[in-house]
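The block underneath contains the structure these notes are about, expressed in structure tokens.
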Ligand SMILES: Cc1cc2nc3c(=O)[nH]c(=O)nc-3n(C[C@H](O)[C@H](O)[C@H](O)COP(=O)(O)O)c2cc1C
């Protein structure tokens, strides 16, 4: 109610990117005020033992986290955790700092409960992110680090560029993600082709395996892959011993919306395809990989559906803009209630239950 007022009276009147910076600024304030942050964490972070879930050796206080792209420079992950996200995926971070595409590059489609963005990995680079991640955490936070290719680096040198980013960041991450699926870096999604993806993932895995705790490694894929290509990436992830797959990134399809802005579409119009890709992955790999489902998740019904379809973790981004700061808290609260109602005592009882 309160957020709806703030959204309609203030945030929706601002340029979307200015609104984003305003919110990140407020979260930064929360980040540097340890007492308030701890209080907020105590009130909003998932604490119900029922919600706990383990994936690739990492303990998550709940299944629902914030997808990559919101906290690109790892500046407010703790504050976001305090708001109730069980994990925060920071990035995409590239080896070298880069400005991203020209503004405007972020667009709201409120009628569709969607966003279109062509940010283009604007970020301060891996060293700056490493510094931010190295600072002590005032509240418990599970932080995934999502890495991508620096725009000016040619495709032929992509492996080297990803490895440089991984070397700076892998040891600081609770899990590491190779992002080959954003539509806003020219040529990036070509790296999803297995013959290019194999050497890339193999090289990054070597770095991740070399950290003291052996950092789990996942790959994030696009919803626009053909089904056979989804299968091929899943097979490759198994072959290389990856820990999981994150599906999906934003789509270049405009089937469901009238806007013709270029960039990646996210939010409600992505829901059906994201779920379809999850189902495809689950039927291919069963429980041999951790599946992280993202795309169009808005409420507990969506989270429940993804868990049943085989996701161990679920993420969201776009609906956060429309639902506000209590979104993650509400989802975890509603999920715990639903589990109790159904007599479920552990999330493992429902993960993959409707999968074929
Ligand atoms: C403004 C914006 C920026 C994003 N930036 C990234 C990014 O840097 N790296 C990435 O892997 N995904 C990025 N994403 C994609 C999200 O992580 C997520 O995969 C996608 O938005 C689908 O989830 P949603 O429908 O809940 O938003 C971005 C999404 C948005 C809306």
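The values are calculated or read from the model by the stated rules, or taken from the named source; none is laboratory data. Keep in mind that what you see is a predicted model, and the values were worked out from it rather than measured. Cβ coordinates were reconstructed from backbone atoms using ideal geometry, including for glycine residues, and neighbour counts include every protein chain displayed.
Restricting region 268-304 to residues that are touching a strand residue (DSSP E or B) at 6+ places or on another chain (Cβ under 9 Å), near the ligand (Cβ under 10 Å from one of its atoms) and in a helix (DSSP H, G or I) leaves a set whose member that is nearest to residue 235 (Cα to Cα) is 274.
Of all residues in region 89-109, none that is closer than 27 Å to residue 257 by Cα and free of Cβ contacts under 8 Å to residues at least 12 places away in the same chain has its Cβ atom under 7 Å from the Cβ atom of a residue that is away from the ligand (no atom under 11 Å from the Cβ) and outside any loop (DSSP other than H, G, I, E, B), 6 or more apart or on another chain.
Can you tell me which residue within region 243-267, out of those that are part of a strand (DSSP E or B) and away from the ligand (no atom under 11 Å from the Cβ), is surrounded by the most Cβ atoms within 10 Å (Cβ to Cβ)? Among those that are part of a strand (DSSP E or B) and away from the ligand (no atom under 11 Å from the Cβ), it is 245. Of all residue pairs spaced 6 or more apart or on separate chains, those with beta-carbon atoms under 6 Å, a first member in region 64-78 that is farther than 17 Å from residue 97 by Cα and modelled with pLDDT of 95 or more and a second member that is more than 11 Å from the ligand (Cβ to nearest atom) and in a loop (DSSP other than H, G, I, E, B) are 64/86; 65/85; 65/86; 65/87; 66/85.
Take the residues in region 133-147 that are modelled with pLDDT under 95 and closer than 23 Å to residue 220 by Cα, then tell me which one is nearest to the ligand (Cβ to nearest atom). Within region 133-147, the match that is nearest to the ligand (Cβ to nearest atom) is 133.
Filtered by the rule that a residue be at positive phi and in contact with a helix residue (DSSP H, G or I) (Cβ under 9 Å, 6 or more places away or on another chain), region 92-111 gives no residues.
Restricted to region 102-116, and to residues that are over 18 Å from the mean Cα position of the chain (by Cα) and not in a loop (DSSP other than H, G, I, E, B), which residue is farthest from residue 58 (Cα to Cα)? In this case the residue turns out to be 111. Kindly evaluate residue 343 against the criterion of being away from the ligand (no atom under 16 Å from the Cβ), at pLDDT 95 or above, assigned to a loop (DSSP other than H, G, I, E, B) and farther than 23 Å from residue 236 by Cβ. Against the criterion (away from the ligand (no atom under 16 Å from the Cβ), at pLDDT 95 or above, assigned to a loop (DSSP other than H, G, I, E, B) and farther than 23 Å from residue 236 by Cβ), residue 343 qualifies.
Residues are listed down the side, and each one gets a yes or a no for (1) closer than 19 Å to residue 282 by Cβ; (2) free of Cβ contacts under 8 Å to residues at least 60 places away in the same chain; (3) touching a strand residue (DSSP E or B) at 6+ places or on another chain (Cβ under 9 Å):
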residue	(1), (2), (3)
204	no, yes, yes
208	no, yes, yes
213	no, yes, no
217	no, yes, yes
226	yes, yes, no
237	yes, yes, yes
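Out of 196, 188, 201, 225, one residue alone is surrounded by 14 or more Cβ atoms within 10 Å (Cβ to Cβ), within 13 Å of the ligand (Cβ to nearest atom) and more than 17 Å from the chain's Cα centre (by Cα). It is 188.
Residues in region 148-168 that are closer than 25 Å to residue 289 by Cβ, away from the ligand (no atom under 14 Å from the Cβ) and either buried (at least 22 other Cβ atoms within 10 Å of the Cβ) or modelled with pLDDT under 95 (or both): 158, 166. Restricting to region 306-329, give me the number of residues that are free of Cβ contacts under 8 Å to residues at least 60 places away in the same chain and away from the ligand (no atom under 14 Å from the Cβ). So the answer is 3. Apart from one condition, residue 114 fits all of (1) at negative phi; (2) surrounded by fewer than 21 Cβ atoms within 10 Å (Cβ to Cβ); (3) in contact with a helix residue (DSSP H, G or I) (Cβ under 9 Å, 6 or more places away or on another chain); the exception is (2).
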